[in-house]
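Here is the structure we will look at, set down as structure tokens.
The values are calculated or read from the model by the stated rules, or taken from the named source; none is laboratory data. Note that the coordinates shown come from a computational prediction; the quantities given were computed from them, not determined experimentally. When we count neighbours, we look across all protein chains shown, and the Cβ atoms used for this are built from the backbone with ideal geometry, even at glycine.
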Amino acid sequence: MKEEGNLENRPSNTAFTQQRLPAWQPMLSAGVVIPGFLVIGLAFIGIGVGLLITSRSIQVLELDYTGTETNSPCNKCTTLPIQNNCVCKLNFTIDTLFKGPVFFYYSLTNYFQSQRKYGASLDYNQLSGDLTYFKSPASDCDPYRYANGKPIVPCGSLANSMFNDTFKLYQIVNGKENLVPFDGKGIAWWTDYNIKYRNPDYSPLENAFNDTEKPVFWSKPAYKLDTSDSSNNGFVNQDFLVWMRRAALPNFRKLYRRITEGDYKDGLPVGNYSLEISYNYPVKSFDGTKKATFSNVSWMGGQNEFLGIAYLAIGSMCVVMSVVMLIVYAKFRFPEDD
Amino acid sequence: MPRKTLKCLFGVDEGSRANRKVVVGHRPCPSNEEIIPPKFCDNRIVSSKYTVWNFLPKNLFEQFRRIANFYFLIIFLVQVIVDTPTSPVTSGLPLFFVITVTAIKQGYEDWLRHKADNEVNKYKVTVLEDGKAIQSESEKIKVGDIVKVEENETFPCDLILLQSHRDDGTCFVTTASLDGESNHKTHYTVPNIGSDLESLTATIECEQPQSDLYKFVGRMDIYKDSQEPIFRSLGPENLLLKGATLKNTKVIYGVAVYTGMETKMALNYQGKSQKRSAVEKSINAFLLIYLFILVSKALVCTTLKYVWQSKPGQDEPWYNEKTQREKDTNLYLKMFTDFLSFMVLFNFIIPVSMYVTVEMQKFLGSFFIAWDKDFFDPEIKEGALVNTSDLNEELGQVEYVFTDKTGTLTQNNMEFIECCIDGFQYKHRDARDELDGFCDTDGPVNKVQQKAGREKEELFLRALCLCHTVQVKESAEQDGLTDQVDGSILDETPSPEERGFIASSPDEIALVKGAMRYGFTFLGLESKTLKILNRSKEVEMYELLHVLNFDPVRRRMSVIVRNGSGETVLYCKGADSSIFPRVKREEVERIRLHVERNATEGYRTLCVAYKRLSPEEYAQVDEDLKEARLALQDREEKLTAVYNQVETEMDLIGATAVEDRLQEEAAETMEALQGAGIKVWVLTGDKMETAKSTCYACRLFQRNTELLELTLRTLEARGRSREERLHELLLEYHKKAVQDAPPVKAGITRSWSGANHDYGFIIDGASLSLMLSSSSESKPSLYESLFLQICQNCTAVLCCRMAPLQKAQIVKMVKNSKGSPITLSIGDGANDVSMILEAHVGIGIKGKEGRQAVRNSDYAIPKLKHLKKLLLAHGHLYYVRIAHLVQYFFYKNLCFILPQFLYQFFCGYSQQPLYDAAYLTMYNICFTSMPILAYSLLEQHIGIEDLLDNATLYRDVAKNAMLQWLPFLYWTLLGVFQGLLFFFGVRYLFSNPALQDNGQVFGNWSYGTIVFTVLVFTVTLKLAMDTRHWTWINHFVIWGSLAFYVFFSFFWGGIIWPFIRHQRLYFVFANMLGSVSAWLVIILLILLSLLPEILLAVFRKNHGSHARQMKHRLPTSGTSTIFMLSQTASTHSFSWSD
């Protein structure tokens, strides 16, 4: 009778306000779950097998050179004081062709790059080439902020503790040592090398470091990290960048070199090899170990059986589950599965 | 002067403490003593909490009084002061957000209260000032003002009646909105005032404001022509209360004595206390658990850190030397700082944003109630109203419903349904009600069986016309007759019942109207002469000799009249139980059948009898009555004795049936509530008989319900003391209802137990107070617990003759009983306000009796029938939504923080965060907040229709089922399981961090990002699996959140951000996506985390729907078996789920 008055206060009759929005109401019914589990299980088993095969095909050669055992060739270096340019050699044999490209890693254990204060102890502004921070590094860098009254560049514990063992690999052919060429490029992230870390826009680079001090534990200043290649010097040195990307866990591995050149492009052939290590990095004080690792990589990265096994396990679990469910359903036949 | 201000500030003064002095019309009076006009509070009603000025400080203070907010504030301050792993922004920003949103919400709600206050305060009133009527606003009325009130207006403040438009100096008032009594009460003007209010000089001295509605003592001094002042004493009959409504009187003038917050109404309804829902209590309990987890995590980490550091070489390896300051710091201080740092690192486990999401969910969710068009009532053109959004989920938890009767269960519209004369049924033709199916087509009287003699008929109708205390309303006389024609049509004007006649009881009006239908019209009482218009349109005159008043003990009333031919007749009407013993036995049987049938149909029945008195008899009676009336001692007893003596050996003429029409779908609603496992208690101020018949009509009591009565009547039996009898009865009922009853199994619905035995309990106000008082003396709370136990085993409880405060007392008693059940009160009048405020949830009906109940309620609905949807659909859904929301929030933060905790074992307990600060901050605010909010607003795990059709579904969530410890444990274990999975899954992947096909390695931020990606996807998909009701909003928000996470991560890692010290995540996410292994591990972990959920969902679904099917099936089969067993009870209605 009074339509106008009625409409005034009447709640609007929309699907939303009346909670009647059209809705999809999915139900996990046996008809979906059993085939779903089966498909997922089979797919996972497939992936797992693939992963496992791939992982198994990856060759890994690990050499511990910490030198804690007395018969180890590097044992002599552990007793000497640091920075004595101790060199030790590890000999090893390769029985089958070590397929290339071969990657050479160094590993440290019980080394906490993941410590909070340690990891935060750097000045990103310095590392991106901002000269004002060369003069006054960030307070995070303590206790490696100033040395001898001068600011440290690059400052902080992380840079200061950069790994400084160096390696040379020789193949021994007929008693002669053939140097296996190492490729130091492309071991750090592309973005770190090209964008994130920048040298100051200064030529020559050395002058930018006037009135600064090298990190306390470094034997040479940053601008001398790679004098042979100016694009690999200063902060954009690949070894430095690799070190600056903190490892997640106390036992970690970092990429040192790749073997991609010359005769060894296709891998390390069968034969005897000798790894010459200039042993500088002390690990004994914190019960750490050092390893040199040769490995080739696949599409999934380095060797890691965990993924393959996990996929296989879960895949088969799914299959078993679907079979169990099938039996249960066949037996009890829940009638309401419409 | 300072003394005066002090006085008005404190109101403590030797004079003003006892009395207040009011100068009528602010005219100085020629009194000897000088009166300092004291200051009284103005007539403003304030229910709002804040003003514009104090909002910010007061609101902030109140918010930080909450433990959670205070905790977050502390965490924030710790972050600001101590060197902690995360920046203060990570917790400051969410806290700021929470505080802001809550403040906006509370501000909005207070604004609504301001608006409601203004509506009352700005109400237009007319004030007489120097003889001129001035339009003013209600809030501007001052004590001493003379206020004019017109018919059907409510009094704006407490007034002393000075002048009425009626000649006899009376006015009629209904106090329905104050105490629920809807009859018209007569108030009197102060005598000797004279007609000229302009020149009236008077002062009123009265007591200080007090809350008792029925007490008032005062004195008025009237000064006339410089004579000695005349003293008039004032009593409650002179006082018109704020909130009452003027009826049947054109206009009155009164002087304001109490205003604003000092009115009796305001004093009776103290401010609303904060109600907290059961869910909120659960949240707080869970919060404590999580706080405990948090502290123990921090303690474990701190301890382990120092244990670990005690090993040589671990504390300070050469590559990580400490600063000088660190070396100098005291060890214990360092430990403490470490502990605080761990607290800060793990503080995300207590989700700051949960509060804001809960608040938002409640606030936005409450709109669905206001929007629901099913709650829209075309009659009053209004829908539901939500006064507080804090209790939405409580609607799904109700165990006890306390309902008012008059105006809530019933419409308070009496209607004459049928009568029975001399054993023959007369039924007025009515389209609404066709019980017997055959009706005459025309004629005012519908004689079903034309057997009762015409003489008897007329006798009966005359009795109806004469035996009452009804007054005819003068103003409506001319259109009184036309009203009968369209009596059932509701139009703008008040219904004819209210217009034509005035009576203290609506039943009497119904009877008079009933007689009118059959041709006998009551014309009125003029100077002791009753005039009626009979069928042949002749006016009959009766001299009214005596009225033998109604009282609840006798439960009958009589009149003695002398008709035109000089005969003296006594007409009596009353309850069957009080009439039958006083009439001739052989007449009873014919009528008893009708009366009983009518009673079970829920009608209010009265029997009518008469007795011819011979002149000698009358003379005796007259003398006795006069003597008794003059008696100074025991007058009541003596009168009753005379009444009882007169009302004997009468002749039964017939019986009437009057229906107090129930609210629409009242019975269906009650049935649905009972089906939902809710116990319904009717609390009413009404008489027991009427209340009982209403209970039958709403099917709260059924035919086979055995009534346990604890009323004055049962207590009075035999010559025992009431206390003894009470004790005896309680024990007897307890034995019957509790001990002998088969143990009630959970899940057994009413009809099953009903097949065995149904009990209904009836108690009245007097017995209740007797019970409570005697229990407090000797055996504290023994009676109370007996009473509660009995009531728990009854399907329905009726409490009649309750004062408003007693209603609240009952609610409180049940509320505090064992198991602290959730209570709901529903009512429409101001007399229900105390009970509405007392219960966990208060519902106001937007009835005719003012807005008091609505304003004090938590939710207001137009009709009782809306309660069903409000509880069964809205309440159920809100509960499920918020319970899931709470559990989900704790869960998602547990599996968020657990990996961070585990990571401490791999970073030398150095408080290294696993996730980037941006992720830490955004996780709860952006990545995972919207899907759960959408879920908590839109989820319908069961459709609304199904919820309404199956009231039993309500039991599934009863007793806070989804927030008990078991579900909480389940969610917690799920969180722990997933957190462990995330961390260790990635941990084993990182046993060789060379994860890219170019041999490069991933660092710690890649580690954290992989874990975080798995986390975000898992918790979102977990919610997606729980969502049963996918609207486009859910789709949008769930997939949108995931897309936003991916987009954000690209964006966050794709730019060298200015002003940020560490570009930690630069290209971390993109590089992660470049690794096949990372993809594979993410997929694997997500699936593995959800696997148990999927399996459980499959099994639970089968189990659940199986059970539901069982429930569906049982009633049908059950009904049929019982039905076959009890063929005789053919009218027995099986009410399973209709």
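Is at least one residue of the range B:963-977 more than 11 Å from chain A (Cβ to nearest Cβ) and part of a loop (DSSP other than H, G, I, E, B)? Reasoning before the result, please.
Of all residues in the range B:963-977, those more than 11 Å from chain A (Cβ to nearest Cβ) come to B:963-977.
In the following step, the residues that additionally are part of a loop (DSSP other than H, G, I, E, B) were identified as B:964.
Within the range B:963-977, one or more residues are more than 11 Å from chain A (Cβ to nearest Cβ) and part of a loop (DSSP other than H, G, I, E, B).
For residue A:285, only one of the following conditions fails: (1) part of a helix (DSSP H, G or I); (2) polar (S, T, N, Q); (3) within 16 Å of the chain's Cα centre (by Cα). What is its number?
(3)
So for the range B:993-1008 (the condition being part of a helix (DSSP H, G or I), hydrophobic (A, V, I, L, M, F, W, C) and within 14 Å of chain A (Cβ to nearest Cβ)), does at least one residue qualify? Steps first, please.
Restricting attention to the range B:993-1008, the residues satisfying the condition of being part of a helix (DSSP H, G or I) are B:1004-1008.
If we keep only those that are hydrophobic (A, V, I, L, M, F, W, C) too, we end up with B:1005.
Still in the list and also within 14 Å of chain A (Cβ to nearest Cβ): B:1005.
The answer is yes, given that some residue of the range B:993-1008 is part of a helix (DSSP H, G or I), hydrophobic (A, V, I, L, M, F, W, C) and within 14 Å of chain A (Cβ to nearest Cβ).
Among B:931, B:913, which is within 10 Å of another protein chain (Cβ to nearest Cβ) and more than 26 Å from the chain's Cα centre (by Cα)? Don't jump to the end; show me each part of the working.
Details: B:931 fails: within 10 Å of another protein chain (Cβ to nearest Cβ).
Answer to the selection: B:913.
In the range A:27-44, what count of residues is obtained for those that are assigned to a helix (DSSP H, G or I), at the interface with another protein chain (Cβ under 9 Å from one of its Cβ atoms) and small (Gly, Ala, Ser)?
The number of residues fulfilling the criteria is 2.
Looking only at the range A:45-91, how many residues end up being in a loop (DSSP other than H, G, I, E, B) and out of contact with any Ser or Thr (no Cβ under 8 Å at 6 or more places or on another chain)? Can you show your working first?
Of the range A:45-91, the ones in a loop (DSSP other than H, G, I, E, B) are A:58-59, A:65-74, A:80-85.
Cutting the leftovers down to out of contact with any Ser or Thr (no Cβ under 8 Å at 6 or more places or on another chain) gives us A:69-71, A:73, A:80-82, A:84.
Final tally of qualifying residues: 8.
Is there a residue being over 28 Å from residue B:882 (Cα atoms), at pLDDT 90 or above and of a type in the set (Gly, Ala, Ser) anywhere in the range B:337-345?
yes
Is it true that residue B:690 is of a type in the set (Val, Ile, Thr), out of contact with any Phe, Trp or Tyr (no Cβ under 6 Å at 6 or more places or on another chain) and assigned to a helix (DSSP H, G or I)? Write out each step before concluding.
Values: of a type in the set (Val, Ile, Thr): yes; out of contact with any Phe, Trp or Tyr (no Cβ under 6 Å at 6 or more places or on another chain): yes; assigned to a helix (DSSP H, G or I): yes.
For residue B:690, the condition - of a type in the set (Val, Ile, Thr), out of contact with any Phe, Trp or Tyr (no Cβ under 6 Å at 6 or more places or on another chain) and assigned to a helix (DSSP H, G or I) - is met.
Tell me which helices (runs of 4 or more DSSP H) are completely within the range B:835-941 and hold 1 or more residues being over 30 Å from residue B:93 (Cα atoms) and among the polar types (S, T, N, Q), or say none if there are none.
Working: elements: B:852-856, B:876-903, B:917-922, B:929-938.
So the answer is B:852-856.
Quick check on this structure: which one of B:923, B:909, B:935 is crowded, with 21+ Cβ neighbours inside 10 Å and over 30 Å from residue B:301 (Cα atoms)? Write out each step before concluding.
Numbers: B:923 fails: over 30 Å from residue B:301 (Cα atoms); B:909 fails: over 30 Å from residue B:301 (Cα atoms).
After applying the criteria, what remains is B:935.
Of the numbered conditions (1) without any contact (Cβ under 8 Å) to a residue 60 or more places away in the chain; (2) away from chain A (no Cβ under 14 Å); (3) closer than 19 Å to residue B:81 by Cβ, residue B:323 fails exactly one; give the number of that condition.
So residue B:323 meets the others, but not (2).
Give me the residue from the range B:363-415 that is in a loop (DSSP other than H, G, I, E, B), farther than 15 Å from residue B:844 by Cα and in contact (Cβ under 8 Å) with a residue 12 or more places away in the chain and, out of that set, farthest from the other protein chains (Cβ to nearest Cβ).
Of the range B:363-415, the ones in a loop (DSSP other than H, G, I, E, B) are B:372, B:376, B:378-381, B:383-384, B:387-391, B:397-399.
Narrowing the set further to residues that are farther than 15 Å from residue B:844 by Cα leaves B:372, B:378-379, B:381, B:390, B:397-399.
Those left that are additionally in contact (Cβ under 8 Å) with a residue 12 or more places away in the chain: B:372, B:379, B:390, B:397-399.
Details: B:372: 6, B:379: 10, B:390: 20, B:397: 20, B:398: 20, B:399: 25 Å.
Filtering first and then ranking leaves B:399.
For the range B:892-903, how many residues meet the condition of being under 16 Å from residue A:248 (Cβ atoms) and more than 10 Å from every other protein chain (Cβ to nearest Cβ)?
First pass over the range B:892-903, keeping only residues under 16 Å from residue A:248 (Cβ atoms): B:899-903.
Checking which are more than 10 Å from every other protein chain (Cβ to nearest Cβ) leaves us with B:899-902.
Within the range B:892-903, residues that are under 16 Å from residue A:248 (Cβ atoms) and more than 10 Å from every other protein chain (Cβ to nearest Cβ) number 4.
So is residue A:214 out of contact with any Pro (no Cβ under 6 Å at 6 or more places or on another chain) and either in contact (Cβ under 8 Å) with a residue 60 or more places away in the chain or of a type outside the set (Asp, Glu) (or both) or not?
On the way: out of contact with any Pro (no Cβ under 6 Å at 6 or more places or on another chain): no; either in contact (Cβ under 8 Å) with a residue 60 or more places away in the chain or of a type outside the set (Asp, Glu) (or both): yes.
In short, no.
If you scan the range B:520-542, which residues turn out to be hydrophobic (A, V, I, L, M, F, W, C), within 19 Å of residue B:568 (Cβ to Cβ) and within 47 Å of the chain's Cα centre (by Cα)?
Filtering the range B:520-542 for residues hydrophobic (A, V, I, L, M, F, W, C) gives B:520, B:522-523, B:525, B:530, B:532-533, B:539, B:541.
Within this subset, residues satisfying the condition of being within 19 Å of residue B:568 (Cβ to Cβ) are B:525, B:530, B:532, B:541.
Selection gives B:525, B:530, B:532.
Output yes when any residue across the range B:987-1005 is acidic (Asp, Glu), surrounded by fewer than 19 Cβ atoms within 10 Å (Cβ to Cβ) and touching a residue at least 24 places away in the same chain (Cβ under 8 Å), and no when none is. Please lay out each step first, then the result.
Our first condition is that a residue be acidic (Asp, Glu); within the range B:987-1005, this holds for B:997.
This time we only want the ones that are surrounded by fewer than 19 Cβ atoms within 10 Å (Cβ to Cβ), so: B:997.
If we keep only those that are touching a residue at least 24 places away in the same chain (Cβ under 8 Å) too, we end up with B:997.
Yes; the residues of the range B:987-1005 include at least one that is acidic (Asp, Glu), surrounded by fewer than 19 Cβ atoms within 10 Å (Cβ to Cβ) and touching a residue at least 24 places away in the same chain (Cβ under 8 Å).
In the set B:298, B:266, which member is away from chain A (no Cβ under 14 Å), touching a Phe, Trp or Tyr at 6+ places or on another chain (Cβ under 6 Å) and part of a helix (DSSP H, G or I)? If you could, list the steps in order and put the result at the bottom.
Numbers: B:266 fails: touching a Phe, Trp or Tyr at 6+ places or on another chain (Cβ under 6 Å).
On inspection, the qualifying residue turns out to be B:298.
Which one is nearest to the chain's Cα centre (by Cα) among residues in the range A:234-266 that are among the small types (Gly, Ala, Ser) and within 14 Å of chain B (Cβ to nearest Cβ)?
Residues of the range A:234-266 that are among the small types (Gly, Ala, Ser), as a first pass: A:234, A:247-248, A:262.
Going one step further and asking which of them are within 14 Å of chain B (Cβ to nearest Cβ), we end up with A:247-248.
Working: A:247: 6, A:248: 8 Å.
Per the stated criteria, the residue is A:247.
How many residues, within the range B:789-830, are without any contact (Cβ under 8 Å) to a residue 24 or more places away in the chain and assigned to a helix (DSSP H, G or I)?
The qualifying residues number 0.
Condition (residue is of a type outside the set (Lys, Arg) and modelled with pLDDT of 90 or more) applied to the range A:17-26: is it met by at least one residue?
Going residue by residue through the range A:17-26, those that are of a type outside the set (Lys, Arg) are A:17-19, A:21-26.
Cutting the leftovers down to modelled with pLDDT of 90 or more gives us none.
No, because not a single residue in the range A:17-26 is of a type outside the set (Lys, Arg) and modelled with pLDDT of 90 or more.
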